[in-house]
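Working notes, beginning with the structure itself.
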Amino acid sequence: QLERLYQKGLRSLQIVHERDNDFAGAAPHRSNFWNHERTSNPFSSVKAMLEGDGERGNPFDLDAGGKNVKGLTERGKELIDALVQRRMLIDVSHYSERSFDDAHALVTKKYKGYPLFASHTRFKGVLEEPERDLLKEFLTTEDQIDKIKATGGMVGVRTGPNHVRTEPGSGVKNDCPGSSKSYAQLISYAKKKGIN
């Protein structure tokens, strides 16, 4: 299947997205696939997902810190091998922290640092509470920045209705969450961290 998609021009693949699958554990961050009603509080569905949702419970197996216990599976390792063989981008957005660590260990040990790529993320280091604590694994951590940078990879940043602190040296005061002013803080932070 991957070869067929590759022949059609596919060059990047996210092997996991909103929920765990046969390849990897996902970063729990929202529960819109449970058909929660949107409310004026954008974090209510995240809170409901992390704490469980009545009869349905939580779709993820979480550790005591609220993080997904599932990492990269054997099938996931095979898929990453197939991506590397085709020189495809490995998009680590939406990976659980354990999946990310497993993928990083695989590319570092087996392929001497094949680059990892996060197509769309926000940095944990610049988000304010309560978003930072609620989004948990859906944010790129300092450790992940260092690991992506060490592989020669890159990060794509995105905004959202989140409160991003004003980053010293950004040249822009962030007084409008989710706007280009928030985006400027993320770019400034990436530049400070020396990541592409």
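The values are calculated or read from the model by the stated rules, or taken from the named source; none is laboratory data. Just so you know, these numbers come straight off a predicted model, no measurement behind them. All Cβ positions, even for glycine, are placed from backbone atoms using ideal geometry, and neighbour counts span all protein chains on display. We work out accessible area using only protein heavy atoms, side chains counted, and drop any ligands, DNA or RNA first. Shrake-Rupley method; radii C 1.70, N 1.55, O 1.52, S 1.80 Å.
What to note about this one:
- Residue, farthest from Thr141 (Cα to Cα), within region 71-101, restricted to residues that are out of contact with any helix residue (DSSP H, G or I) (no Cβ under 6 Å at 6 or more places or on another chain) and of a type in the set (Ser, Thr, Tyr): Thr73
- Lone unmet requirement of (1) open to solvent by 20 Å² or more (accessible area, probe 1.4 Å); (2) within 16 Å of the chain's Cα centre (by Cα); (3) within 19 Å of Met88 (Cβ to Cβ) for Ile148: (1)
- All helices (runs of 4 or more DSSP H) inside region 82-196 with 3 or more residues being of a type in the set (Asp, Glu): 97-111, 142-150
- Residues being in contact with a helix residue (DSSP H, G or I) (Cβ under 8 Å, 6 or more places away or on another chain), over 19 Å from Leu134 (Cα atoms) and surrounded by 15 or more Cβ atoms within 10 Å (Cβ to Cβ) - total across region 151-189: 10
- Scanning region 38-97 for residues that are modelled with pLDDT of 95 or more and among the acidic types (Asp, Glu) returns Glu74, Glu78, Asp81, Asp91, Glu97.
- Taken over region 84-135, the criterion of being among the β-branched types (Val, Ile, Thr) and either closer than 14 Å to Ile148 by Cβ or out of contact with any Lys or Arg (no Cβ under 9 Å at 6 or more places or on another chain) (or both) is satisfied by Ile90, Val92, Val107, Thr108, Thr121.
- Pair list, Cβ < 6 Å and 6+ apart or interchain, from region 123-134 residues that are in contact (Cβ under 8 Å) with a residue 24 or more places away in the chain to residues that are polar (S, T, N, Q) and not in a helix (DSSP H, G or I): Phe123/Thr140; Leu127/Asn162; Glu131/Asn162
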